[in-house]
Amino acid sequence: MREVAVVGVGMSPFVAETTQSLREQTYRAGRAALDDAGLAFPQVQAVYMGYLWEPTMTGIRFLKELGLTGVHAQHVQNASATGAGAMLEAVRAVAGGHADVAMAIGFDDMNKIAGAGLSKNSAEGVILPAAFFALWAKQRQLDYGTTSETLARIAAKNWNNGALNPMAQRRPTSPITFEQILGSRMVADPLTSMMSAAVGQGAAAVIVTTPELARKYHPGRPTVLVKAAKMRTETMTEGHVFAGPVVGPQQMTRDTAQDAYEQAGLGPEDLDLVQVHDAFPIEELVYYELLGICPDGEGDKLVLEGATELGGRIPFSTDGGLIGRGHPGGPTGLAQIWETTLQLRGEAGARQVADPQVGLCHMVGGGSVCVIHILQRAD
Amino acid sequence: MTTTDREPLNPEQLVLHDDGAALLGSRCPQCGLSYFPRRWECAVDQTPVEDIELSRTGVLRVATYVSVPSYGKNVLDAEGYGVGEVDLPEGVRVQSVLGGEPTSWVPGTPMRLTVHPVDELEDGRLLVTHQFAPKQG
Ligand SMILES: [Zn+2]
């Protein structure tokens, strides 16, 4: 297996709505990643395109806007983890020697989820993500006494991180307080509307290559190595739910993280920043523990200490996460790579973490799957 | 209401008897694990499984009250609805819409399988799906 580096990242802003077509947003994200990489599209030897809510063939059609080069191109689909899955395939293409330069590109409009073929009756028995994660929150209250205030503090943090990210969907002009989060409309007890992921559209792209080529294209810029790219599906657990769950057992994240730490030769103590699938703050809270940042049951303490805020010991969702930056679907996991790459290069502007060396990106996707990447700066 | 008035929305998961509804599951003869919904092989040891009807009662593990419409619906039928997880004696955990009063959805509460209508067929019969409600008495 060859070493792999991120050489280019690009995004089109995540927004609630826009007059710009998804085709144009996708083109602009791909163009931005190529420009950031200092590469021309004919140098890209493999493309992995992720989306959920557009018709079949859409990715290949959009790709024509970057050029007709005959390039190897595949659609990748894995629910919320679609973009992360596209990234993982691009990394594997380079690691396996099948391509020297590979692109992962994702686009979507989550507002189209309602038209995704769920009729009134076929949807019966399928519970909403909000209801599903509300059950996680209720269970957590029983197990550890987690309060709504803790959940609201995580959501407020991510809203306020989003304010510092020009690509974020939610960019509040004044600081959001946990009281505002608590006071917003109840969706599924104890989760409120301001605790929910921002639903919108956008596009993101990442280009990976070998560290040698990355240094050749960008001498003097810190190289961002992909130290781990791992994915898992579910394993059997006690009380395993087969019908209806949005994602599977929490153990899936713990196991995937273990795989990723092993591959990277790093541990949770080495991480300087983390992006997770924070569709709701209860997720971020349990991922603190499942990723090994703290012992089980002590995640609430991290929140109250401010450890996961920008400037804290281990900042989470530095770009706003799904709550602040947004969650269109296909591009979401690639936005995490965009953020982590900028942070490791020291190019994250107002939300820059102090001198980070290692960042982890985590996504889960319904069905379900977990994808984790660990990126490390190498000067 | 008799079984002839109603039709299960998903006959692969739910059967309607004269004395009540039951969920259709599977049991592995090798390791004893039970499953809902039905499957062909055990997920752990790949042994062919046997069809069973699951217990009609269980215990509420956790519950929430949802204030937004479910998939495929643009409006709420009522103010909101309950969703929870019920543990059956076979070791099977089922996610389900909840019936009864929201104040009764306390973890540990004994629950009984019931059905609720989701649609009406052209001949007037009701299409029903499963839910759990607190067991009376
Ligand atoms: Zn078995």
Quiz prompt | Proximal charge balance of B:Arg39 [Cβ under 13 Å; K/R count +1, D/E count -1] | solution = -3
Quiz item: Ignoring ligands, DNA and RNA, what percent of the 1.4 Å accessible area of the protein assembly as shown is carbon and sulfur?
Solution: 49
Quiz item: ³J(HN,Hα) across the range A:233-243 via Karplus (A = 6.51, B = -1.76, C = 1.60, θ = phi - 60°), whole Hz, x for Gly/Pro?
Solution: 9, 6, 10, 5, 10, 5, x, 4, 9, 9, 9
Quiz prompt | the protein assembly as shown, dipole about Cα centre (Lys/Arg Cβ +1, Asp/Glu Cβ -1), debye to the nearest 20 | solution = 1280
Exercise. Evaluate the relative contact order of chain A (contact order divided by residue number), counting alpha-carbon pairs under 8 angstrom at least 6 apart; express in whole percent.
Key: 27
Exercise. May I ask you to evaluate 6.51 cos²θ - 1.76 cosθ + 1.60, the Karplus curve with θ = phi - 60°, for each residue of the range A:248-255 and list the ³J(HN,Hα) values in order in whole Hz, giving x for glycine and proline?
Key: x, x, 4, 4, 4, 5, 4, 5
Quiz item: Amide H to amide H under 5 Å from A:Thr318: which residues, 5+ apart in sequence or cross-chain, H placed 1.01 Å off N in plane?
Solution: A:Val274
Exercise. Please compute how much accessible surface disappears when A pairs with B, both sides summed, using a 1.4 Å probe, and round it to the nearest 100 Å².
Key: 2700
Quiz prompt | Convex hull per residue volume in Å³, alpha carbons only, for the protein assembly as shown | solution = 158
Quiz item: For chain A, with the dipole built from +1 on Lys and Arg beta-carbon atoms and -1 on Asp and Glu ones, taken about the Cα centre, which of A:Ala350, A:Ala229, A:Pro42 lies farthest toward the positive end?
Solution: A:Pro42
Quiz item: Which residues' amide hydrogens lie under 5 Å from the amide hydrogen of B:Thr114, considering only partners 5 or more residues apart or on another chain, with H built in the peptide plane?
Solution: B:Gln131, B:Phe132, B:Ala133
Quiz item: With every protein chain present, what is the per residue accessible area of chain A (1.4 Å probe, Å²)?
Solution: 36
Practice problem: Report, to the nearest 10°, how far helix A:129-144 tilts away from the longest principal axis of the Cα atoms in chain A, using its own Cα long axis and a range of 0 to 90°. | Solution: 60
Quiz item: To the nearest 10 degrees, how steeply does helix A:332-345 sit against the main Cα axis of chain A, on a 0 to 90 scale?
Solution: 70
Exercise. Identify unpaired cysteines across the protein assembly as shown, taking unpaired to mean no other cysteine Cβ lies under 4.7 Å from the residue's Cβ.
Key: A:Cys294, A:Cys361, A:Cys370, B:Cys31
Quiz item: So, counting K/R as plus one and D/E as minus one, what does the shell of residues with Cβ under 12 Å around A:Gln20 add up to?
Solution: -1
Practice problem: Mind checking which of A:Gly200, A:Ala156, A:Gly248 is farthest towards the positive end of the range A:142-251's charge dipole, using Cβ charges of +1 (Lys, Arg) and -1 (Asp, Glu) about the Cα centre? | Solution: A:Gly200
Practice problem: Between A:Gln45, A:Gln201, A:Gln139, find the one with the highest GNM mean-square fluctuation for chain A; connect C-alpha pairs within less than 10 Å. | Solution: A:Gln139
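The values are calculated or read from the model by the stated rules, or taken from the named source; none is laboratory data. Only a predicted model underlies this, so the values are computations on that prediction, with no experimental measurement involved. Positions of Cβ are backbone-derived with ideal geometry, glycine not excepted, and every protein chain shown enters the neighbour counts. Each accessible area value is taken on the protein alone, full model and side chains, heavy atoms only, with ligands, DNA and RNA left out. Shrake-Rupley method; radii C 1.70, N 1.55, O 1.52, S 1.80 Å.
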